[in-house]
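A quick write-up on the structure given underneath.
The values are calculated or read from the model by the stated rules, or taken from the named source; none is laboratory data. This one's a predicted model, so the numbers in the text were calculated from it and none came from an experiment. When we count neighbours, we look across all protein chains shown, and the Cβ atoms used for this are built from the backbone with ideal geometry, even at glycine. The area values use the complete protein model at the heavy-atom level, side chains included, leaving out ligands, DNA and RNA. Shrake-Rupley method; radii C 1.70, N 1.55, O 1.52, S 1.80 Å.
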Amino acid sequence: MGGGSVIAILALGVVLTYKASGTVNFAHAALGMYVAFAFYELRATGELVLPLLGLPDRVAIVDRPTVFTAMVTCLALAAALGALIYGLVFRPLRRAPALARVVASLGLLLYFIALIDLRFGARGATALVIRNVLDATVVDFAGASVPLDRFLLLAVALVLTGVLWLAYRYTRFGLATRATAEHEEGAIQIGLSPDAYGVANWALASMLAALAIILAAPVVRLDPAGTSLLIVPAVAAALVARFNSFVVATAVGLAIGMAQSEILNLQADHAWLPEIGLQQGVPFLVILLT
């Protein structure tokens with residue numbers, strides 16, 4: 001449930017950015033990974049690590065950081081990054097071929113991975129103190145001992161799915177987002193601003209990516225390259241959902257995460273199964289079949 005919930009929340013963000021701009025953002029998980037690094041550094045030192053080259057590496061925020069202050073600060077950082085990326089990268093490319101937008105997102109992915117090395121050094125996550133944000137008390141469930149944070153991650157994923165489904169189906173904001181993405185000129189003629197809705201949706205999607213990785217850092221390995229590649233199962237889930245349905249994206253994301261975890265059990269029980277490649281192959285198989 002832990003891994004599946006992370007994939008599901010990331011898939012929600014992928015669907016969101018596609019709804020807003022028609023872009024599959026392959027840097028989505030990498031952005032969340034960077035903000036998670038910044039969150040745990042802020043909790044430990046009270047300093048916010050800045051993601052833009054040319055600015056100071058870090059700035060002091062609070063003397064005694066709490067989970068709340070670190071979370072609010074880093075979610076605001078994620079929203080600002082999402083808005084900045086849309087404004088500087090993807091808005092100028094909105095009329096470019098789809099391949100150009102893909103290349104731009106892959107460039108951003110590499111930027112965030114390299115930025116971790118520049119800002120945190122080669123040790124990366126090993127230099128951070130990663131403490132649980134959610135309650136990790138072990139509880140009994142169906143005869144098994146399960147950490148409580150797995151259930152809480154699942155609850156977060158389901159609540160976010162419900163809120164997004166309602167918002168984008170029944171509110172003016174959701175309808176306007178669809179209108180500006182599907183027919184920009186028509187939306188402008190009725191007084192809608194594609195830029196404003198694009199910025200808002202990219203900021204919201206970036207906050208989802210940051211929240212997913214921050215909450216799941218004790219569950220998934222916080223590693224620059226490995227965590228960034230969570231985008232692959234997230235894109236697989238979004239693809240099955242046709243980059244449109246939040247409910248389907250969440251359901252498939254949960255299923256992919258559960259299948260990948262179950263493969264570990266099979267590898268432990270059957271020595272003839274290869275130890276490398278099976279887990280990573282699940283989302284690729286989903287993509288190919290879809």
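Brief remarks follow.
- Meets criteria (farther than 24 Å from Arg178 by Cβ, open to solvent by less than 10 Å² (accessible area, probe 1.4 Å) and of a type in the set (A, V, I, L, M, F, W, C)) for Val15: no
- Pairs, first charged (D, E, K, R) in region 167-195, second assigned to a helix (DSSP H, G or I) and open to solvent by less than 50 Å² (accessible area, probe 1.4 Å), C-beta under 7 Å, six or more apart: Arg178/Lys19; Glu184/Pro194
- Residue match in region 219-229 (condition: of a type in the set (S, T, N, Q) and open to solvent by 10 Å² or more (accessible area, probe 1.4 Å)): no
- Picking from residues in region 198-240 that are touching a Lys or Arg at 6+ places or on another chain (Cβ under 8 Å) and not in a helix (DSSP H, G or I), the one that is farthest from Ala259 (Cα to Cα) is Pro218.
- Within region 17-35, tally of residues that are among the aliphatic types (A, V, I, L, M) and over 11 Å from the mean Cα position of the chain (by Cα): 2
- From the list Ile130, Ile113, the lone residue that is modelled with pLDDT under 90 and surrounded by 13 or more Cβ atoms within 10 Å (Cβ to Cβ) is Ile130.
- When Leu42 is tested against (1) surrounded by fewer than 21 Cβ atoms within 10 Å (Cβ to Cβ); (2) touching a Pro at 6+ places or on another chain (Cβ under 7 Å); (3) of a type outside the set (Ser, Thr, Tyr), only condition (1) is not met.
- When residues of region 47-64 are limited to those that are more than 24 Å from the chain's Cα centre (by Cα) and part of a loop (DSSP other than H, G, I, E, B), the one surrounded by the most Cβ atoms within 10 Å (Cβ to Cβ): Ile61
- Cβ-Cβ under 9 Å pairs, at least 6 apart or on other chains, region 71-92 side farther than 20 Å from Lys19 by Cβ, far side surrounded by fewer than 19 Cβ atoms within 10 Å (Cβ to Cβ): Thr73/Ile61; Thr73/Val62; Leu77/Leu50
- Among the residues making up region 26-57, a single one is without any contact (Cβ under 8 Å) to a residue 60 or more places away in the chain and over 18 Å from Leu115 (Cβ atoms): Gly46.
- Total residues in region 241-283, condition part of a loop (DSSP other than H, G, I, E, B), open to solvent by 60 Å² or more (accessible area, probe 1.4 Å) and farther than 30 Å from Gly162 by Cβ: 6
- Pairs meeting the criteria (first residue in region 267-290 and closer than 15 Å to Ala234 by Cα, second residue assigned to a helix (DSSP H, G or I) and open to solvent by 60 Å² or more (accessible area, probe 1.4 Å), beta carbons under 8 Å, at least 6 apart or on different chains) are Gln279/Leu264.
- For region 8-33, residues that are touching a Ser or Thr at 6+ places or on another chain (Cβ under 9 Å) and more than 15 Å from Tyr168 (Cα to Cα) total 14.
- Filter result for Thr23 (part of a helix (DSSP H, G or I), open to solvent by less than 10 Å² (accessible area, probe 1.4 Å), touching a residue at least 40 places away in the same chain (Cβ under 8 Å) and among the polar types (S, T, N, Q)): no
- Any hit, region 121-138, residues being in contact (Cβ under 8 Å) with a residue 60 or more places away in the chain, among the polar types (S, T, N, Q) and over 25 Å from Ala237 (Cα atoms): yes
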